[in-house]
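Worksheet: one structure, shown below.
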Protein chains: 2
Amino acid sequence: MHIAFIGLGIMGRPMAMNLQRAGHRVHVHGRRPESMTPLVQAGCTACDSAQVAAAQAEIIFTMVSDTPDVEQVLFGANGVVHGAKPGSVVVDMSTISPSATRRFAEDLGARGIAMLDAPVSGGDVGAINGTLSIMVGGKPEIFEKVQPLFAVLGKNIVHVGDHGAGQVAKACNQIVVALTIEAVAEALTFARQNDVDPAKVRAALLGGFAASRILEVHGQRMLDDNYQPGFKTRLHQKDLNIVLQSAFELGLALPGTALAMQHLNALLGADEGELDSAAIMKVVQRMSGL
Amino acid sequence: MHIAFIGLGIMGRPMAMNLQRAGHRVHVHGRRPESMTPLVQAGCTACDSAQVAAAQAEIIFTMVSDTPDVEQVLFGANGVVHGAKPGSVVVDMSTISPSATRRFAEDLGARGIAMLDAPVSGGDVGAINGTLSIMVGGKPEIFEKVQPLFAVLGKNIVHVGDHGAGQVAKACNQIVVALTIEAVAEALTFARQNDVDPAKVRAALLGGFAASRILEVHGQRMLDDNYQPGFKTRLHQKDLNIVLQSAFELGLALPGTALAMQHLNALLGADEGELDSAAIMKVVQRMSGL
């Protein structure tokens, strides 16, 4: 199948590579020309613009940073809509606003182009290994059509609902991850201040109801004081901003999420936005002078 | 081995039963005489007081509600210290204050009685099935001595550190559980208010970094709107009160824990203290008029 892949960052590059290796003809476009080099060496076709890539493809993947980037790539100068054929499908795997997603789906639909929102969880390791969790919003028949390609990219693939539902699920994911990091950070700090070995506490808690992937993985990062990403604080902050903006629009109080957001803000203020968001631990510690 | 078991509530009763079934001679005492009946039928000896039970035993288990209850059972009229032989061991499996625990261990030690703090996680189901998580504080040689009895009661048994360390680990457990419930409640409410099926969101999130026992078990309780305990809100509130009192003494800010505590307080205020603490969901919902 002819596929376009637009956005070749830390996530998009290995995802496009996996599609190429699965036997598809992948037409790639990245803002930085050098991002295309390894993909061209693997057999992908480099394209000068999203428009050119989209014109070659039945399915057009986008994997960029934020809502305005998706809008630019889809509708801007040399964007997807200027090249995509009616009947093609845009699959946006970026993490962006659910309400903007619904608007994009409508605008594309008016031009005869289908859309799925399909944000992912699992980080660059999941992208490389093809083990991402993929949360999909859009029409069932379009989901069915793209499903074989999702199966190349990920493992836990859930069709959550209509347009925007994938983004809502991803937003929920980011709420839970942020607050569970806060939980583990406060617990391990409480242990340390009580002169109890936080590594033993982590081990004890992993056997019971406090067990989570975050306690396991991010808890270990905290014990090691190693905040190499992983998932960068500035991206987690961006994602919770989407959540809190949506909550603002809905008139919905999310006090725990708002608190976690303050700790991400504090990391950005301390010039630590490039650290893994498990670095919320650093905020919890220095708040009390630790 | 001759064992005393004091405190025959929803947790203590099945634990004493499991020790009896493992072939030990168990001398039981409960405040309510009828709590002893099924145990006597199973072959345990009923005792009129903690003192009498302790006098028969090498190892004396206590499983009561709160710090003052443990103090009363150990040091009050007809309490353990008036019966226990020097060389015996008190194993307190209640969830109480770490600092009070250290004081009790010292007072018992002065009378030649060893102590372990060994609070548990896993609820009545874990108590019945002998699959509790047990977090132990105290001297290593005493832990070794009691280990075969712990193995009857639980599965994940961790010697966390010196006196009080078990209670600190349990406090950490309650922090993580409360905040993870808050996280899941906010995320599922966010999904619902965005017209996305929270059951599908839960399924999608279980495959990634948001996965936790709480999302699995308590998330399902929230979807079912079924807050049968499980673990009662009023006990979770009591446990976080221990945490926040200890944080007060240490000069340690735990803002997420403090927030979760407010939601437990709200449940108590609404006369919902007997519900499972997953009912934090009800507070998150009604805050925004849902």
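The values are calculated or read from the model by the stated rules, or taken from the named source; none is laboratory data. None of these values were measured; they are calculated from a predicted model. Note that we place each Cβ from the backbone using ideal geometry, even for glycine, and neighbour counts take in every protein chain shown. In case anyone asks, the SASA skips ligands and DNA or RNA and just uses the protein heavy atoms, side chains included. Shrake-Rupley method; radii C 1.70, N 1.55, O 1.52, S 1.80 Å.
One residue stands out among those in the range A:250-277 that are in a loop (DSSP other than H, G, I, E, B) and within 20 Å of the chain's Cα centre (by Cα): the one that is surrounded by the most Cβ atoms within 10 Å (Cβ to Cβ), which is A:275.
Can you tell me which residues in the range A:163-203 are acidic (Asp, Glu), more than 7 Å from chain B (Cβ to nearest Cβ) and touching a Gly at 6+ places or on another chain (Cβ under 7 Å)?
Taking the range A:163-203 first, the residues acidic (Asp, Glu) are A:182, A:186, A:195, A:197.
If we keep only those that are more than 7 Å from chain B (Cβ to nearest Cβ) too, we end up with A:195.
The answer is none; no residue qualifies.
Each residue in the range B:163-195 was checked for being under 25 Å from residue A:159 (Cα atoms) and open to solvent by 10 Å² or more (accessible area, probe 1.4 Å), and 4 of them qualify.
Is it the case that residue A:274 is of a type in the set (Asp, Glu) and farther than 22 Å from residue B:205 by Cβ?
Numbers: of a type in the set (Asp, Glu): yes; farther than 22 Å from residue B:205 by Cβ: yes.
Yes.
Does residue B:245 count as in contact (Cβ under 8 Å) with a residue 60 or more places away in the chain, in a helix (DSSP H, G or I), more than 8 Å from chain A (Cβ to nearest Cβ) and in contact with a Lys or Arg (Cβ under 9 Å, 6 or more places away or on another chain)? Don't jump to the end; show me each part of the working.
Details: in contact (Cβ under 8 Å) with a residue 60 or more places away in the chain: yes; in a helix (DSSP H, G or I): yes; more than 8 Å from chain A (Cβ to nearest Cβ): yes; in contact with a Lys or Arg (Cβ under 9 Å, 6 or more places away or on another chain): no.
Judged against the criteria, residue B:245 is not a match.
Across the range A:73-82, the number of residues qualifying as open to solvent by 20 Å² or more (accessible area, probe 1.4 Å) and in contact with a Ser or Thr (Cβ under 9 Å, 6 or more places away or on another chain) comes to 4. Restricted to the range A:97-155, and to residues there that are assigned to a loop (DSSP other than H, G, I, E, B) and in contact (Cβ under 8 Å) with a residue 40 or more places away in the chain, the residue that is farthest from residue A:250 (Cα to Cα) is A:130.
Can you pull out every residue in the range B:157-197 that is basic (Lys, Arg) and touching a strand residue (DSSP E or B) at 6+ places or on another chain (Cβ under 8 Å)? Walk me through it before giving the result.
Quick first cut of the range B:157-197, residues basic (Lys, Arg) only: B:170, B:192.
Correct list: B:170 only.
Against the condition free of Cβ contacts under 8 Å to residues at least 24 places away in the same chain, facing chain B (nearest Cβ under 8 Å) and in contact with a helix residue (DSSP H, G or I) (Cβ under 9 Å, 6 or more places away or on another chain), how does residue A:252 come out, does it pass? Here the answer is yes, as residue A:252 does meet what is asked. Within the range B:120-162, the residues that satisfy the criterion of being open to solvent by less than 50 Å² (accessible area, probe 1.4 Å) and more than 10 Å from every other protein chain (Cβ to nearest Cβ) are B:124, B:127, B:130, B:138, B:142, B:143, B:146, B:149, B:150, B:152, B:153. For residue B:240, the conditions (1) touching a residue at least 60 places away in the same chain (Cβ under 8 Å); (2) within 20 Å of residue A:200 (Cα to Cα) are fulfilled apart from (2).
I'm checking my understanding of the structure. Among residues of the range A:278-289 that are loosely packed, with under 15 Cβ neighbours inside 10 Å and of a type outside the set (S, T, N, Q), which one is farthest from residue A:222 (Cα to Cα)?
This residue is A:289.
Has the range A:90-112 got at least one residue that is modelled with pLDDT of 95 or more, away from chain B (no Cβ under 14 Å), in contact with a Gly (Cβ under 7 Å, 6 or more places away or on another chain) and under 17 Å from residue A:51 (Cα atoms)? Among the residues of the range A:90-112, at least one is modelled with pLDDT of 95 or more, away from chain B (no Cβ under 14 Å), in contact with a Gly (Cβ under 7 Å, 6 or more places away or on another chain) and under 17 Å from residue A:51 (Cα atoms), which makes the answer yes. For residue B:107, the criteria (1) surrounded by 21 or more Cβ atoms within 10 Å (Cβ to Cβ); (2) more than 17 Å from residue B:236 (Cβ to Cβ) hold in every case but one, which is (1).
Among residues that are open to solvent by 10 Å² or more (accessible area, probe 1.4 Å), closer than 18 Å to residue B:167 by Cα and within 20 Å of the chain's Cα centre (by Cα), residue B:102 is included.
So, of the residues in the range B:223-249 that are of a type in the set (Phe, Trp, Tyr) and touching a strand residue (DSSP E or B) at 6+ places or on another chain (Cβ under 9 Å), which turns out to be surrounded by the most Cβ atoms within 10 Å (Cβ to Cβ)? Walk me through how you get there before you give the answer.
Keep residues of the range B:223-249 that are of a type in the set (Phe, Trp, Tyr), which gives B:227, B:231, B:248.
Of the ones still in play, those that are also touching a strand residue (DSSP E or B) at 6+ places or on another chain (Cβ under 9 Å) are B:227, B:231.
Details: B:227: 22, B:231: 20.
The selected residue is B:227.
Residue-level analysis places residue B:220 outside the set of residues that are surrounded by fewer than 22 Cβ atoms within 10 Å (Cβ to Cβ), touching a Leu at 6+ places or on another chain (Cβ under 6 Å) and assigned by TED's automatic domain parsing to the domain that holds residue B:261.
When residue B:213 is tested against the conditions (1) of a type in the set (D, E, K, R); (2) more than 7 Å from chain A (Cβ to nearest Cβ); (3) within 29 Å of residue B:91 (Cβ to Cβ), the lone failure is (2).
Taking into account only those residues within the range A:204-228 that are in contact with an Asp or Glu (Cβ under 9 Å, 6 or more places away or on another chain) and either assigned to a helix (DSSP H, G or I) or in contact (Cβ under 8 Å) with a residue 60 or more places away in the chain (or both), which is farthest from residue A:119 (Cα to Cα)?
Filtering the range A:204-228 down to residues in contact with an Asp or Glu (Cβ under 9 Å, 6 or more places away or on another chain) leaves A:206, A:218, A:221, A:226-228.
Now restrict to residues that are either assigned to a helix (DSSP H, G or I) or in contact (Cβ under 8 Å) with a residue 60 or more places away in the chain (or both): A:218, A:221.
Working: A:218: 21, A:221: 25 Å.
Looking at the filtered set, the residue picked out is A:221.
Residue A:206 meets the conditions (1) more than 9 Å from chain B (Cβ to nearest Cβ); (2) at pLDDT below 95 in every case but one. The failed one is (1).
Could you grab me the full set of residues in the range B:1-21 that are of a type in the set (Gly, Ala, Ser) and either buried (at least 23 other Cβ atoms within 10 Å of the Cβ) or in contact with a Gly (Cβ under 7 Å, 6 or more places away or on another chain) (or both)?
Scanning the range B:1-21 gives B:4, B:7, B:12, B:16.
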